[in-house]
1. Which one is modelled with the highest pLDDT, of the residues in region 86-96 that are out of contact with any His (no Cβ under 8 Å at 6 or more places or on another chain) and closer than 23 Å to residue 69 by Cα?
2. Which one of the conditions (1) in a strand (DSSP E or B); (2) at positive phi does residue 48 fail to meet, given that it meets all the rest?
3. Within region 34-71, which residues are open to solvent by 40 Å² or more (accessible area, probe 1.4 Å) and among the charged types (D, E, K, R)?
4. Filter region 72-86 down to residues that are open to solvent by 50 Å² or more (accessible area, probe 1.4 Å) and closer than 20 Å to residue 35 by Cβ, then give me how many there are.
5. Quick check: is even one residue across region 65-79 outside any strand (DSSP E or B) and either on the phi > 0 side of the Ramachandran plot or touching a helix residue (DSSP H, G or I) at 6+ places or on another chain (Cβ under 7 Å) (or both)?
6. In region 1-33, what count of residues is obtained for those that are closer than 30 Å to residue 78 by Cα and either open to solvent by 90 Å² or more (accessible area, probe 1.4 Å) or of a type in the set (Phe, Trp, Tyr) (or both)?
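The values are calculated or read from the model by the stated rules, or taken from the named source; none is laboratory data. These numbers were taken from a predicted model, which means no experiment stands behind them. Positions of Cβ are backbone-derived with ideal geometry, glycine not excepted, and every protein chain shown enters the neighbour counts. We work out accessible area using only protein heavy atoms, side chains counted, and drop any ligands, DNA or RNA first. Shrake-Rupley method; radii C 1.70, N 1.55, O 1.52, S 1.80 Å.
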Amino acid sequence: MEVLRALLLGCLVFIAFALLLGGLPKLLAAIADPPRVKRIRQFFESAGCLDIAIKPWPNHYGVRYTKDGTRHYIKCRVEMKSGRMKWIGQAPSWVALTDN
C-alpha cells in the first residue's frame with residue numbers, strides 16, 4: 001500500500017511540474033509582451049501610421065499598418081533595455097537609415 005501511495009504521489013508531482021513548465025511561456029509572455037506592444041504602437045503612431053495591428057509571435061511581432069494610404073506588414077523585435085526596434089527582413093522605407 002505504501003508503494004502505491006508513493007507512486008501516486010510521484011505521478012502527481014510529475015503532472016504538476018509538467019503543467020507548470022507548460023504554462024511558463026504563457027506567463028512570461030503575459031509579463032513581457034505589453035510593454036513591447038506599447039513601444040511598437042508608439043513608434044508607428046509617431047511616424048503617422050494608421051490602423052496599427054500588432055500580433056505577438058514566439059520570436060517577433062507582426063505589425064500591420066496603413067501609411068500614405070497603403071497597407072503594409074512588417075516583422076520586428078524590441079530591445080527593451082535600449083528601446084530600439086530590430087527589423088526582421090527589410091526595414092520600412094520611411095525609417096531613417098540610422099537605428100532609432
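1. The initial filter retains those residues of region 86-96 that are out of contact with any His (no Cβ under 8 Å at 6 or more places or on another chain), namely 86-87, 89-91, 93-96.
Checking the rest, the ones that are also closer than 23 Å to residue 69 by Cα come to 87, 89-91, 93-96.
On the way: 87: 93, 89: 89, 90: 87, 91: 88, 93: 83, 94: 82, 95: 82, 96: 64.
Residue satisfying both the conditions and the ranking: 87.
2. Condition not satisfied by residue 48: (1).
3. As a first pass, look at region 34-71 and keep what is open to solvent by 40 Å² or more (accessible area, probe 1.4 Å): 34-36, 38-39, 41-42, 45-46, 48, 50-51, 53, 55-59, 64, 68-71.
The answer is 36, 38, 39, 41, 45, 51, 55, 64, 68, 71.
4. Of the residues in region 72-86, the ones open to solvent by 50 Å² or more (accessible area, probe 1.4 Å) are 72-73, 75, 77, 79-82, 84, 86.
Still in the list and also closer than 20 Å to residue 35 by Cβ: 75, 77, 79-82, 84, 86.
Within region 72-86, residues that are open to solvent by 50 Å² or more (accessible area, probe 1.4 Å) and closer than 20 Å to residue 35 by Cβ number 8.
5. Quick first cut of region 65-79, residues outside any strand (DSSP E or B) only: 68-69.
Now drop any that are not either on the phi > 0 side of the Ramachandran plot or touching a helix residue (DSSP H, G or I) at 6+ places or on another chain (Cβ under 7 Å) (or both), which leaves 68-69.
Yes.
6. 7
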